[in-house]
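Heads up, the thing below is written out as C-alpha cells.
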Number of protein chains: 2
Amino acid sequence: MRKLSAFLSLSLDGCFADAAGGVDWAHSDDPEFQRFVADNARGGGALLMGRVTYEMMAAWWPSEAARQMSPVVAEGMNRMPKYLVSHRPRNPEWAHTVQLAGALPEAVRALKGEAGPDIAILGSGSLVSQLAGAGLIDEFQFVVCPLVLAGGRKVFEGLEDALALQLTESRSFASGQVFLRYRPA
Amino acid sequence: MRKLSAFLSLSLDGCFADAAGGVDWAHSDDPEFQRFVADNARGGGALLMGRVTYEMMAAWWPSEAARQMSPVVAEGMNRMPKYLVSHRPRNPEWAHTVQLAGALPEAVRALKGEAGPDIAILGSGSLVSQLAGAGLIDEFQFVVCPLVLAGGRKVFEGLEDALALQLTESRSFASGQVFLRYRPA
C-alpha cells in the first residue's frame, strides 16, 4: 500500500488559502526553510493535487523564472509523477501528469493499492477534507505560518467527524514557521 | 503599561471550542504539560475573561474536586485578580473578581494603563478577536492540540485585518500538544 501524506501551509486562524485563494502569505525566504522544502522535493515520491492547486503549480514550476528562483524544487516538481483530481476531463500539459479516473474517494483508494512510490498531496484543502474523512491519509504535514489571515479558506471544511492525531515531529524555523507532522492516532 | 497576553488551546482546524462550546478536548494528562500549566498559574499575574469562559472557570476552580485534582493551579486561579468582561451587570461570586466597567476596547486599554500585574486572557475567543483587532494584545500563547474537531468556534472570527506575528517560543509535549508563543511583528 502506498503511503499518502498531506502537506498544507496553515495560518493561525486555520486557513490554507486566503479569501482570494492565494497562498503567497505562506512563502518564506528563510534559507533553512528553503533547504527543508528542497529536501522534501528531492524525494522520489508522487504528487496528488486538486484542480485549483494543480493549475497554480502547473503555471509556475515549469517556467524559466521558477527554474532560476528554486532550481532544485523546480526540477523535482517537474520530474515527479503527478495525479490530478478534477470533475471534468482535462488535458494536462505539465509533464508526467495523469488525471485520476473515477469518483473520490474510491479513485484514491485504488491508486494507493497500485505499485508505485509514496504520494504527497500538496495544498488542495478540499481534497484533504474528503480523503481525511475517508480515512485515506496516512500522514499530515502542516507548516504553521506566523500570521492570522482574518478570513480565508478554512482547513478541514466539510469534515464530519473529529479526527484524533498523533504528533510525530515538530520543528521551528527562524522565519517563525513551525513544521508539524502527525499520523492518525 | 501592563502587558496583555492571550492563552488559547486550538484544534488543528483552528477552533478554540467545540460546537457545544466545550473545551474538554484540550485537556491532557501529560505530567510535563501539567507542570508547564502549573508553572504558568504560579506567576503573579491577573486574568481577563469573557462571560462564557468566566462562568465555566468559576464553576470549576473553587470546587473541592478542582483542589484535589490540580491543587497548585486551583490555588493560583482562586488567588489571582480576575477581570470579567460582560455586557450585563453581574455579581461575580468567584473570589477576587472585578467586572470591567465601560465598553471594549476602551475598558481594556484603560485597565492596561493602571498600575498592577500583567494580565492574561484565558480562552474567551471572541474577546481575543476584539482586542487583537484593537492592537491591545502584546503576546499570543497557543496550545495546538493533536486533533481536528471538524466543526466548532473558530479562533479570530470577526477579525477584519490580517495580523502578522513573530514566533518567540515553540515547545512540544509527549502528549502531542505544541505550545507556540508569538508577539505582534
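The values are calculated or read from the model by the stated rules, or taken from the named source; none is laboratory data. None of the values given here were measured: they were computed from a predicted structure. Using ideal geometry, Cβ is built from the backbone for each residue, glycine included, and neighbour counts are taken over all protein chains shown.
Mind checking whether some residue in the stretch A:132-143 is under 17 Å from A:LEU4 (Cβ atoms), β-branched (Val, Ile, Thr) and in contact with a Phe, Trp or Tyr (Cβ under 9 Å, 6 or more places away or on another chain)? No - not one qualifying residue is present in the stretch A:132-143.
Taking the stretch A:145-167 as the range and being part of a strand (DSSP E or B) and either within 7 Å of another protein chain (Cβ to nearest Cβ) or free of Cβ contacts under 8 Å to residues at least 24 places away in the same chain (or both) as the test, the residues that pass are A:LEU147, A:VAL148, A:LYS154, A:LEU163, A:ALA164, A:LEU165, A:GLN166, A:LEU167.
Out of everything in the stretch A:52-71 that is surrounded by 14 or more Cβ atoms within 10 Å (Cβ to Cβ) and part of a loop (DSSP other than H, G, I, E, B), what residue ends up being modelled with the lowest pLDDT? So that I can check it myself, show each step before the final result.
The first filter runs over the stretch A:52-71 and keeps only residues surrounded by 14 or more Cβ atoms within 10 Å (Cβ to Cβ), leaving A:52-58, A:60-62, A:66-67, A:70.
Filter again for part of a loop (DSSP other than H, G, I, E, B), leaving A:61-62, A:70.
Numbers: A:TRP61: 95, A:PRO62: 96, A:SER70: 88.
Checking each candidate, the answer is A:SER70.
Here B:ALA95 passes the criteria (1) part of a helix (DSSP H, G or I); (2) surrounded by 14 or more Cβ atoms within 10 Å (Cβ to Cβ) except the one numbered (1).
Within the stretch A:1-24, the set of residues being within 12 Å of another protein chain (Cβ to nearest Cβ) and crowded, with 17+ Cβ neighbours inside 10 Å comprises A:ALA6, A:LEU8, A:LEU10, A:SER11, A:LEU12, A:ASP13, A:GLY14, A:CYS15, A:PHE16, A:ASP18. What are the residues in the stretch A:116-144 that are in a loop (DSSP other than H, G, I, E, B), surrounded by fewer than 20 Cβ atoms within 10 Å (Cβ to Cβ) and within 13 Å of chain B (Cβ to nearest Cβ), if any? Matches in the stretch A:116-144: A:GLY135 only. Looking at A:ASN78, A:ASN40, just one residue is touching a His at 6+ places or on another chain (Cβ under 9 Å) and either not in a helix (DSSP H, G or I) or not hydroxyl-bearing (Ser, Thr, Tyr) (or both), and that residue is A:ASN78. The residues on offer are B:ARG90, B:ARG2, and the sole one that is farther than 30 Å from B:VAL148 by Cα, part of a loop (DSSP other than H, G, I, E, B) and modelled with pLDDT of 95 or more is B:ARG2.
Every condition in (1) crowded, with 16+ Cβ neighbours inside 10 Å; (2) of a type outside the set (Phe, Trp, Tyr); (3) out of contact with any helix residue (DSSP H, G or I) (no Cβ under 6 Å at 6 or more places or on another chain) holds for B:ALA74 except the one numbered (3).
Taken together, A:ALA132, A:ALA110, A:ALA150, A:ALA103 contain a single residue that is in contact with a strand residue (DSSP E or B) (Cβ under 7 Å, 6 or more places away or on another chain) and farther than 23 Å from B:GLN177 by Cα, which is A:ALA150. Taking the criterion of being assigned to a strand (DSSP E or B), more than 8 Å from every other protein chain (Cβ to nearest Cβ) and of a type in the set (A, V, I, L, M, F, W, C), the only residue of the stretch B:168-184 that qualifies is B:PHE179.
For the stretch B:129-136, the count of residues that are among the small types (Gly, Ala, Ser) and within 16 Å of the chain's Cα centre (by Cα) is at least one.
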